[in-house]
Amino acid sequence: MSWYQTTFKASDSWYVDYIEGEVSLDQKSDMDLLLMHSSTEKKVVENLQKLKESVKSSDELDLPEDDQYWQSFHKKIMTTVEESSKVKWRDEKSDTKGRRARR
Amino acid sequence: MGRWQKKLPDHENKLTGLVPGLVLAREKVMKSDHILVEEVQQGQVASFSALVSRHQRALLRLAMRIVRDLELAEDIVQESFMKAYTKIDRFEGRSTFKSWIFQITINTAKNKLRGKRYEHVDIGKVSIPVSAKAESGVEQADYQKLLRDKVENLPEKQRLALSLRIFEDLSFKEIAEIMECPYDTAKANYRHALLKLRHNVEEDQRLKGWNEIEWKDQSSFCLEAEA
């Protein structure tokens, strides 16, 4: 048995699929019923959901918010792209000329 | 005339002449990535500008999560867009443009990290100051750091699947495209990541009571699964 099989109950995978919306309608109904009648199982599902939310909250990135930054970043990217586009067009042009000369 | 300078079809030129306002209005309508990519492949650099505007924030977030350095992340995103532009002719649309450029960004970031000798911090060697106010365990900021470190210590594919799902809110289909693996494998990587993370958190005495902390409004918590 793999480490996962010995460490986690088979039902744990169903719980993850359930909170991710990856279960069929029938399976969802069964799970809804189970959670309604078992506070233990409901707690397991709630803890998994909470863990997801905790992970998301634990890593809020400190990225610039102002539009000026993003406009400037966009411009920087497009300048390089446009330069590369001109080089590519020049290469195409000289390539075509070379082929004509060789004929 | 080179590949990058194809003429517009005649009917479009006539339309422009007759109803310039119509063209202007059309340009302002949001085009799908698929259409923008086709236009770039036909030589319209302006369409690539629209793709950059649309995806630059998500890509910078993604790069930042991998390298944790804004300047380096900016370089990675710039390089990724460059690679996408130069290889756009080879893009056949088997995945979405978003998945494709995410994949390019991840690979570019990994290559940069290899070059910079990225060092993992061993959580066991980090001393976390405990506030005198804390009655048990550690305070919220410390929980966050410990949790972040536990995510960082997950196996690479599991960490990636988890990050793409939780932070970027991608579907498993998109995650599978980015990771170039079957749908079920992407889901399995995510599942294993979340369960392993839960196990590691519950085993760590420093994170005792983590699930009692109200970090977010729980009123939106919903047990409804998508159909």
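The table below gives the values:
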{"item": "Pairs where the first residue, in the stretch B:76-89, is among the β-branched types (Val, Ile, Thr) and the second is open to solvent by 10 Å² or more (accessible area, probe 1.4 Å), C-beta under 6 Å, 6+ apart", "result": "B:Ile76/B:Lys112; B:Ile88/B:Gln41"}
{"item": "Inter-residue pairs, beta-carbon under 6 Å, first more than 11 Å from B:Arg148 (Cβ to Cβ) and in the stretch A:52-74, second in a loop (DSSP other than H, G, I, E, B), 6+ apart", "result": "A:Glu53/B:Lys216"}
{"item": "A:Lys93 part of a helix (DSSP H, G or I), surrounded by 11 or more Cβ atoms within 10 Å (Cβ to Cβ), at the interface with chain B (Cβ under 7 Å from one of its Cβ atoms) and modelled with pLDDT under 90", "result": "yes"}
{"item": "Selection count where residues are more than 11 Å from every other protein chain (Cβ to nearest Cβ) and open to solvent by 50 Å² or more (accessible area, probe 1.4 Å), scope the stretch B:174-204", "result": "3"}
{"item": "Contacts under 7 angstrom Cβ, first residue in the stretch A:24-40 being more than 15 Å from A:Ser11 (Cα to Cα), partner surrounded by fewer than 14 Cβ atoms within 10 Å (Cβ to Cβ), 6 or more apart", "result": "A:Leu25/B:Ala227"}
{"item": "In the stretch A:56-89, the residues that are open to solvent by 30 Å² or more (accessible area, probe 1.4 Å), assigned to a helix (DSSP H, G or I) and over 16 Å from B:Arg54 (Cα atoms)", "result": "A:Lys56, A:Thr79, A:Thr80, A:Glu82, A:Glu83, A:Lys86, A:Val87, A:Lys88, A:Trp89"}
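The values are calculated or read from the model by the stated rules, or taken from the named source; none is laboratory data. Because the structure is a prediction, the values reported are computed rather than measured. Cβ sites come from the backbone with ideal geometry, for glycine too, and all protein chains shown count toward neighbours. Heavy atoms of the whole protein, side chains included, go into the accessibility calculation; ligands, DNA and RNA do not. Shrake-Rupley method; radii C 1.70, N 1.55, O 1.52, S 1.80 Å.
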